[in-house]
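First the structure, in the form of structure tokens, and then the observations on it.
Coordinate-derived values only; no laboratory data. As the structure is a computational prediction, the values presented were derived from the model and not from experiment. FYI the Cβ positions are ideal-geometry reconstructions off the backbone, even for glycines, and counts take in every protein chain you see.
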């Protein structure tokens, strides 16, 4: 029971609540997720259980895909429909060409200011808690990448869209920013994450179905093993000598690990002859020696 369970998160639950249910259903000792979804959002939530919780930091940075609906003419303090309306402006002069042009302007590498209502922390306190107390903290803008952004349907005031973006991108902030470009403001009314870390909505399971298969003792059929969980990360097959060296924590040099040509991923995974995940190592090296990011000794609980 060490691996990934891909959940189709329902509306109305926080990501932490979903993880708590997965932990109880799977009877896992440890559980976590690889990227928060707001309570109103639905879709792919990747849950790591037991040993696999150590893989979450490698999955959180991958590209993500969403389907959403943006509503023009209304700004809210949370940048989505759950917040307080702070202004309303007419949108009737906005044309289809205006919308398509605004969307095109957000493609590529850009910067984005995280919203005041977010799970980011200031002095150890989540920003959304501070904002609810009346203390609004604005974090500095951070680089993000919008790889694809498509207008699917325009039925003003609503614009249905799909986006593929880097980790750390706030889709509701993107909608609010597009609203500013259009001059009428906007907020997010629907959001579904369809892919993250290489895991898609098609392979996700509902909490209800997970509970049913767990009751039958078949939950393992929905657990993605650790050795195939890091789907986008280059993999090197280690022989017995290399595996033993890694498990003893001894230095590994570039003479022992063949370079993975053409890969830009910052890490590389090592598996043994049986396909078990042995370690994740930084792909860069210092003085010819690789540094360890994560090691999985056989005796790990």
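Full extension of the chain segment joining residue 57 with residue 181 gains 41.2 nm, where the gain is 0.36 nm per residue of separation less the Cα-Cα distance. Taken over the stretch 64-191, the convex hull of the Cα atoms encloses 95 Å³ per residue. Per-residue ellipticity at 222 nm from helix content only, as computed over the chain with -39500 (n - 2.57) for each DSSP H run of at least four residues, stands at -5500 deg cm²/dmol. Please work out the Cα center distance from the stretch 1-64 to the stretch 69-83, rounded to the nearest Å. So the two Cα centres are separated by 27 Å. Calculate the FRET efficiency for residue 77 and residue 285 from the Cβ-Cβ distance with a Förster distance of 41 Å, rounded to the nearest 0.05. It comes to 0.30. Model label points for residue 212 and residue 29, set 7 angstrom from Cα along the Cα-to-Cβ axis, are 3.2 nm apart. With q set to 0.08, 0.13 Å⁻¹, the log10 of I(q)/I(0) for the chain, from the Debye formula over equal scatterers at the Cα positions, is -0.43, -0.99.
Each of 187, 282 has some number of other Cβ atoms within 10 Å of its Cβ, and from fewest to most they run 282, 187. Considering the stretch 7-96 at the alpha-carbon level, its Rg and Dmax are found to be 17.4, 56 Å.
The slack in the chain from residue 1 to residue 129, taken as 0.36 nm per residue of separation less the alpha-carbon distance, amounts to 42.6 nm. Sorted fewest first by neighbouring Cβ atoms within 10 angstrom, 51, 245, 64 come out as 245, 51, 64. Taking other C-beta atoms within 10 Å as the exposure proxy, 26, 87 rank 87, 26 from fewest upward. The residue 147 and residue 240 beta-carbon pair, evaluated with R₀ = 45 Å, returns a calculated FRET efficiency of approximately 0.65. If you wrap the tightest convex hull around every Cα atom of the stretch 235-295 and split its volume per residue, you get 77 Å³. Were the residues from residue 294 through residue 156 laid out at 0.36 nm apart, the gain over their Cα-Cα distance would be 44.7 nm. Annotation: Cα Rg of the stretch 174-301 relative to the compact-globule expectation 2.2 N^0.38 Å equals 1.50. Helix 15-26 and the longest principal axis of the Cα set of the chain meet at an angle near 40°.
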